[in-house]
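Everything below concerns the one structure shown next.
Nothing in this text is a laboratory measurement; each read-out follows from the coordinates by a stated rule. If you're wondering where the values come from, they're calculated on a predicted model, not measured in any experiment. FYI the Cβ positions are ideal-geometry reconstructions off the backbone, even for glycines, and counts take in every protein chain you see.
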Amino acid sequence: MNTMLRKSVLGIAGLAFTGGVFAGPIAAHAAEPVHSTKPVAVSVQGAQSKIDLNDEQTANAKAIIAATKKAGLPERAAVISIATSLQESKLENLGHLGDKNDHDSLGLFQQRPSSGWGTPEQITNPEYSTLAFLKGLKQVDGWQDMPLTEAAQTVQVSAYPDAYAQWEQQAADIVAHNWNS
């Protein structure tokens, strides 16, 4: 990016930030509080998929929610995590799948020991794998405001970067149903 373009982009970003800093507190007092039991999706993209969950998958979704709370992150992080796991494993804690396996991918998020995600024992621990995913998510600047599929892809680096979007509605429903239980 050339210097003039970079300065223009940074200048616009600075003005937007400054406007938000000053207008945010004013706008916050103007609206009445809204109470919702369902996390607000930034933008559900494309056709949505849905699967029926068995007891194991439901327990794994609840483990993801518990780990998200343990990490001190909001419901949106749980939605992104569950949608990612729905895409990667259908919320099943995958062990080694032999020839069907994508390299050495394991667990709810198909994380790879060879890529530094942890040992096979760690990666197949739902709490550990979720916290590892969330650690990566927290390193993505602006993850809270970006489309789910973009946030998930930045952490996962999948060969199918747009595939996460199809699970956003089901993930949001799962989180809404289980966040306070």
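Structure data summary
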quantity: The range 51-181 shape via C-alpha gyration tensor axes, a/c threshold 1.5; calculated: rounded
quantity: Net charge, Ser49 excluded, C-beta distance under 15 Å - Lys, Arg +1, Asp, Glu -1; calculated: -3
quantity: Separation in nanometres of the label points that stand 7 Å from Cα toward Cβ, at Ala159 and Gln48; calculated: 2.9 nm
quantity: Pairwise label distance in nanometres, Lys135 with Lys70, each label 7 Å out on the Cα-Cβ vector; calculated: 1.3 nm
quantity: Estimated distance in nm for a label pair at Gln169 and Asp145, the labels positioned 7 Å out from Cα along Cα-to-Cβ; calculated: 2.7 nm
